[in-house]
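Step one of this worksheet: look at the structure below.
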Amino acid sequence: MGHAVRVIARLDIKGPNLIKGVQFDGHRVLGTAEQFGELYYREGIDELIYQDAVASLYRRNSLLEIIKKTAMKVFVPLTVAGGIRTIEDIRQILRAGADKVAINTGAVENPALLSEAVKVFGSQCIVSSIEAFRISDGKYQVWVDYGREVTGLDAIEWAKQVEGLGVGEILLTSINSEGMGEGYDIELTNRISSIVSIPVIASGGAGTKSDLSKVIRNGGAQAAAAASIFHYNYATPVNKPFMSFSEARLRMGEHIDSGNVDFLNHGYGGERACTVKPASIREVKEDMVKNGIEVRI
Amino acid sequence: MKNIVIVDYNLGNLFNLRRAFESVGTQVAVSADPEDILAASSIILPGVGAFGEGIKHLKERGLIAPLKEFASSGKPLLGICLGMQLLMTTSEEHGTWEGLDIIKGMVKRLDPPGDGDIYKVPQVGWNSILKQFNSRGLSWNGTVLDGVDEKAYMYFLHSYYVIASDTRDILAETIYGRNRFSSIIKKNNITGCQFHPERSGEAGLKILKNFAEL
């Protein structure tokens, strides 16, 4: 009996909506973020990550209202990412109800932001978000702006550097694996978790419930974040490849005012096929228990 | 009418703590004013960050004496995370610091992982609270843990931990890596809790509800 591995749901958000893409592209709307967040809390998630999908591009985080609403109902840790560039940005997000912020682009542009933020708010609430793209010779590049821009940074070296800047955790996303449903990038996770002494959250690629156990056991991660396998589990009726707008529970919310709503209108099928095998939070955790991993059930 | 006050000394996020109390039907005030603190029916000393910073902020706001006075009044006081650590006699966080010395004991750093260890420091995540080993274990009845399952998981976020000098002050212990530490201490009207009840799901909310009803 000891400490439990964290199972985290990652919600990519545009406007009020929860969206999901493949390799940070081709996003479809799945419902509202707020309702998914609350549902995941009730279903036993250990932590939530809210990623503003367009913030970095527009240089601002637009999630304050959603964070506030979530904080009224959700009593597990909430990490917010996207578009954070100043101490004031962090202050606003924490005040709205987040427990931690995860910073990628803002830190690459100005690494001192991390050390300054650690000094002001403490390392426990500053997470370094690293989005890594594997290139042919087994190296990993750091990408920024939600998978849109390449930097010259090596992801492994950057991980070591951000640890030195004092951050409390690393949120590590494999861009190659993200949304593909073919499993996490175990090698990337392993290389980084073995050289830093702070916790690593593996993100990107969970396609089946057992992928989370694998990245914990083989990748050395302290936590695993997943998106699609949870989103499609809760947004989709089991045993039903198609669905229609009239089914209220599929909508998971009201505000479908922007983005690609084909999934909500027409469900899966053809090129819209789902890349993952959906699973509930409980199913994921039970699989971990089977694999000898302690979780909070 | 209860008058519960969260002590605001400019360290940490008090909003979530306040919202968590509200979700269990308890209104709480947030104040840095010594008069409000002394007039309160119960107080909560929260806090995140470094011990030295915490003490410095308390001193700057003239809160050391009022907190000690409140503690000796017999009214309920709950320290959370750094707020728990500040109740102790001394801390070894970046030097040696004197704490409020309301409960005897010290604050030490979690042992770093050695070869073959898979844990990390800080501890970030869920861990279980256990009754004390090698003793009959104190009853949780009538404490903030009343009705909370033994081995319940709580959310921890810390690099330092508390060792209470008197084992009779230890209500619950937790094991992390190479350390076994006091995750909840209680001495008379004073309770300290290393984890964050406001982030620990329904089990954590139960603790806050119990505290509000003490």
GNM result for chain B, Cα springs below 10 Å: residue of B:HIS94, B:HIS158, B:HIS57 fluctuating most strongly: B:HIS94
Listed pairs A:LYS20/A:LYS160; A:LYS68/A:LYS119; A:LYS73/A:LYS285; A:LYS160/B:LYS59; A:LYS73/A:LYS214; A:LYS100/B:LYS120 exceeding 27 Å between Cα atoms: A:LYS20/A:LYS160; A:LYS160/B:LYS59; A:LYS73/A:LYS214
Distant-in-sequence amide H partners of A:ALA81 (H built 1.01 Å from N, under 5 Å): A:TYR50, A:GLN51, A:ASP52, A:ALA102
Normalised per residue, the volume of the convex hull around the Cα set of the protein assembly as shown (Å³): 143
Cα gyration tensor shape of the range A:8-148, rounded if a/c is under 1.5, else prolate or oblate by comparing a/b with b/c: oblate
Beta bridges by DSSP in the protein assembly as shown, antiparallel share as percent, to the nearest 5: 45
The range B:4-213 - convex hull of alpha carbons, volume per residue in Å³: 108
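Which net charge results for the neighbourhood of B:ALA203, defined as the other residues with beta-carbon distances under 13 angstrom from its beta-carbon, given Lys and Arg at +1 and Asp and Glu at -1? Spell out each step's value before the answer.
Values: positive: A:ARG296, B:LYS151, B:ARG199, B:LYS206, B:LYS209; negative: A:ASP46, B:ASP146, B:ASP149, B:GLU150, B:GLU198, B:GLU202.
Overall, the nearby charge balance is -1.
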Electrostatic dipole magnitude of the protein assembly as shown [Cβ: Lys, Arg +1; Asp, Glu -1; Cα centre; debye, to 20]: 900
Spherically averaged projected area in nm², based on the convex hull that wraps the Cα atoms of the range B:58-170: 8.9
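If I stretch the segment between A:THR86 and A:SER136 completely, what's the gain in nm (0.36 nm per residue apart, minus their alpha carbon distance), one decimal?
14.5 nm
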Phi-based couplings in Hz for the range A:141-149 (Karplus 6.51, -1.76, 1.60; Gly and Pro marked x): 9, 7, 10, 10, 6, 6, x, 9, 10
Top of B:LYS56, B:LYS108, B:LYS131 by mean-square fluctuation, Gaussian network on chain B, Cα under 10 Å: B:LYS56
Helix-only mean residue ellipticity at 222 nm for the protein assembly as shown, each DSSP H run of n ≥ 4 adding -39500 (n - 2.57), per residue, nearest 500: -8000 deg cm²/dmol
Convex hull volume per residue in cubic angstrom - Cα atoms of the range B:147-206: 99
Loop sites in the range A:134-217: trypsin sites (Lys or Arg not before Pro), DSSP, at most 16 other Cβ within 10 Å: A:LYS139, A:ARG148
Isotropic mean projected area of the C-alpha convex hull, the range A:102-228 (nm²): 7.1
Residue mean of other protein chain beta carbons inside 10 Å, A:98-104: 2
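Every read-out reported here was derived from the displayed coordinates using simple, explicitly stated rules and does not represent laboratory data. No experiment lies behind these values; they were computed from the predicted model shown. So basically every Cβ, Gly included, is an ideal-geometry build from the backbone, and we count neighbours across all protein chains shown.
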